[in-house]
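Some notes on the structure that comes next.
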Amino acid sequence: MVEESHNTKEHDEQYDSAEFDDEELDEELLDLASSRRQGSLLRPILFIVVIWFGVSVISDWQTQLAYFFSSSEPVEIGSVTDFPAKRAQDPNWEPEIPHNRYVSIEGVPSKRAQSKRYKFFKLVGDHVYIEVPRDIEDKTELELEFQNEKGEIDRTYFEGAGRALHLSKIPGQYQGLRSYYYQRYNTNFCGMQLPEKERRAAEATGDECVDAYLVETQVKPSDHWWYLVLSGLIGLFILLNVWWLFRWIRDFVRK
């Protein structure tokens, strides 16, 4: 009986195997299994998007990274109040204020403005503007406005160092400052995108834009270290996604 049962079981297995061999495999199921082993087509698209985003972020930080690697010795600009006398001697003279460099500059403040974090003013003699971080002990806006009317603040003398920026070379930055000085002092900075109505008014009156410089005081090249650190981390993540993309393409080709 045991031998007969064993033979019966063996016969059933042979029958099941033969029946399974006779069945045709579904090609769609095979393709699905193969695609699962290969991975979704969305994966390489995701890799490419991440790589593109990382490269664009680092590209946007080129100016900040260039400033980090620039000299920590300030370029001596001198007093802006001397600029008109130099132009009188040579009409073609222009101030040698390097873009995106650490500079030392001085002059008499005028035409003040302020935001929640910074104070701004123009130096008498040229379109050179200074950005100074606001201190905690700063006076209230009402006190500043009152002193401006009295003309007490504008008689002070400024001496300092910081990062010099040519505003026409960074048209996308400091839009709030540009708009304020245009509305308050009718100063049209080169590179500024005016609203259509104001642009037509400026063209009708023949107002030309002015080349202006902004000095971010108390900003040294070494203060931009975190741009370098973040760029390094993003760069490593980009390389990792490049490697993953390469592996996906390699596996796809071998398929």
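The values are calculated or read from the model by the stated rules, or taken from the named source; none is laboratory data. On a predicted model such as this, the values are computed, not experimentally measured, just so you know. Here the Cβ positions follow ideal geometry from the backbone for every residue, glycine too, while neighbour counts run over all protein chains shown.
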Check your understanding: Take the residues of the stretch 61-120 that are in a helix (DSSP H, G or I) and touching a helix residue (DSSP H, G or I) at 6+ places or on another chain (Cβ under 8 Å): which is surrounded by the fewest Cβ atoms within 10 Å (Cβ to Cβ)?
Key -> Leu65
**Study point:** Selection count where residues are of a type in the set (Gly, Ala, Ser) and without any contact (Cβ under 8 Å) to a residue 12 or more places away in the chain, scope the stretch 58-75
**Key:** 1
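Would you call Lys119 within 16 Å of Val219 (Cα to Cα), at pLDDT below 95 and of a type in the set (D, E, K, R)? Let's see the steps before the verdict.
Numbers: within 16 Å of Val219 (Cα to Cα): yes; at pLDDT below 95: yes; of a type in the set (D, E, K, R): yes.
Judged against the criteria, Lys119 is a match.
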Study note, to complete from the structure: For the stretch 180-201, pairs from a residue that is loosely packed, with under 13 Cβ neighbours inside 10 Å to a residue that is modelled with pLDDT of 70 or more, with Cβ under 6 Å and 6 or more apart or across chains, are Tyr185/Lys111
